[in-house]
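Working notes, structure below.
The values are calculated or read from the model by the stated rules, or taken from the named source; none is laboratory data. These figures come from a predicted structure and were not determined experimentally. Neighbour counts run over all protein chains shown; Cβ positions are idealised from the backbone, glycine included.
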Amino acid sequence: MTPPPGVPAAGTPLVLRGREVGRGTDGVLRPVVMAIVNRTTDSFYAPARLADDGAALEAAHRAWSDGAQILDVGGVRAGVGPEVGEAEEIDRVVPLVARVREQVPDLLVSVDTWRSGVAREAVAAGADLVNDTWAGHDPELVEVAGAAGVGVVCSHTGGAVPRTDPYRVEYPPAGTGRDGDPRDGLLDDVVATLRASAARAVGCGVPPSSVLVDPTHDFGKNTWHSLHLVRRTATLAGLGHPLLMALSRKDFVGETLGLPPDERLEGTLAATAVAAWLGATVFRAHDVAAARHALDMVAAVRDDAPPRRAARGMA
């Protein structure tokens, strides 16, 4: 459907294992919420630390009831922290993937890892998506996804390696072909990286509609960089693949507002609404119900989806 005048184009639909994600029983396609379960004791946002098996499984059930379509399971903190070996990561992640697949069969499962060995075991246990937040650091990971016919997330870290924090990150000014904003040098780098990574994923056998692209806010970026990438969401959505935005409670939100992780919900939802308006498809969220409500409101304002109920003034 053509968007109304002045409304950016809708995002590219996501398809995993042949299923168009986000299509409701009413036939309407809405933005997708990816819930977060971290099997860790040191993730930056304490409520997402679910090392206990029972609590993690309960969170999966709650995510589904709150409106998530995907559950992203991670076994290693993204930032600096104690070493977690591959075998330990597998032990943290894979049994939960299998239990969610058994107990919440309609909830798609993603595994957040940069290791091909972990991805292989998780896919064998039923994972539908491999969320590689470290930009192909292990080049065999995308081959695992392609061979299994599951989805993969292509990310951008500006060359940063796993479990490092950014330090005085700089990108060259934009080329003369853009609108004169020198900050678009970052955008040029992100677009080139994601385009090349997505092409490799397709070449490895991942269906184009199962390749998500993620500018990966905070990874290899400072707060100004991450804000600019939200501003340029429409360009990223125009790459022709579903666009994932992992904005939830991140440092760029906290630094912008001067708030700690547990007070960043409103800032997260504001950035989420902007990105949804500009065409992003999938949103990784700690607060599933709040994200679901914000995205449904944006979809209605965009005229992509009708209100759930419209009785006022009708009788």
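So, of the residues in the stretch 96-123 that are out of contact with any helix residue (DSSP H, G or I) (no Cβ under 8 Å at 6 or more places or on another chain) and either of a type in the set (A, V, I, L, M) or under 18 Å from V153 (Cα atoms) (or both), which turns out to be surrounded by the fewest Cβ atoms within 10 Å (Cβ to Cβ)? This residue is A98. Given the criteria touching a residue at least 12 places away in the same chain (Cβ under 8 Å) and either under 14 Å from L108 (Cβ atoms) or of a type outside the set (D, E, K, R) (or both), does A55 qualify? Against the criterion (touching a residue at least 12 places away in the same chain (Cβ under 8 Å) and either under 14 Å from L108 (Cβ atoms) or of a type outside the set (D, E, K, R) (or both)), A55 does not qualify.
V28 passes every criterion in (1) touching a strand residue (DSSP E or B) at 6+ places or on another chain (Cβ under 9 Å); (2) in contact (Cβ under 8 Å) with a residue 24 or more places away in the chain apart from (1).
Is it the case that some residue within the stretch 31-48 is in contact with a Leu (Cβ under 7 Å, 6 or more places away or on another chain) and over 22 Å from H293 (Cβ atoms)? There is at least one residue in the stretch 31-48 that is in contact with a Leu (Cβ under 7 Å, 6 or more places away or on another chain) and over 22 Å from H293 (Cβ atoms). If you check V33 against the conditions, is it in a loop (DSSP other than H, G, I, E, B) and either among the aromatic types (F, W, Y) or surrounded by 13 or more Cβ atoms within 10 Å (Cβ to Cβ) (or both)? Criteria not met by V33.
Restricting the stretch 80-95 to residues that are touching an Asp or Glu at 6+ places or on another chain (Cβ under 7 Å) and surrounded by 15 or more Cβ atoms within 10 Å (Cβ to Cβ), the residue that is farthest from I36 (Cα to Cα) is I90. Can you work out which of the residues in the stretch 178-199 that are in contact (Cβ under 8 Å) with a residue 40 or more places away in the chain and surrounded by fewer than 18 Cβ atoms within 10 Å (Cβ to Cβ) is farthest from G126 (Cα to Cα)? So the residue we want is R183.
Each residue in the stretch 147-177 was checked for being closer than 16 Å to R115 by Cα, crowded, with 16+ Cβ neighbours inside 10 Å and either without any contact (Cβ under 8 Å) to a residue 12 or more places away in the chain or more than 19 Å from the chain's Cα centre (by Cα) (or both), and 1 pass. The C-beta contact set for the stretch 259-273 (first residue on the phi < 0 side of the Ramachandran plot, second residue of a type in the set (S, T, N, Q), distance under 6 angstrom, 6+ apart or interchain) comprises T268/S248. Of all the criteria given as (1) of a type outside the set (K, R); (2) farther than 21 Å from M34 by Cα; (3) in contact (Cβ under 8 Å) with a residue 40 or more places away in the chain, the one not satisfied by A310 is (3). Going by what's in this entry, would A98 be described as part of a helix (DSSP H, G or I), over 24 Å from T40 (Cα atoms) and modelled with pLDDT of 95 or more? For A98, the condition - part of a helix (DSSP H, G or I), over 24 Å from T40 (Cα atoms) and modelled with pLDDT of 95 or more - is not met. Of the residues contained in the stretch 16-23, one or more are found to be in a loop (DSSP other than H, G, I, E, B) and under 25 Å from A234 (Cα atoms). Scanning the stretch 73-95 for residues that are hydrophobic (A, V, I, L, M, F, W, C) and outside any loop (DSSP other than H, G, I, E, B) yields a total of 5.
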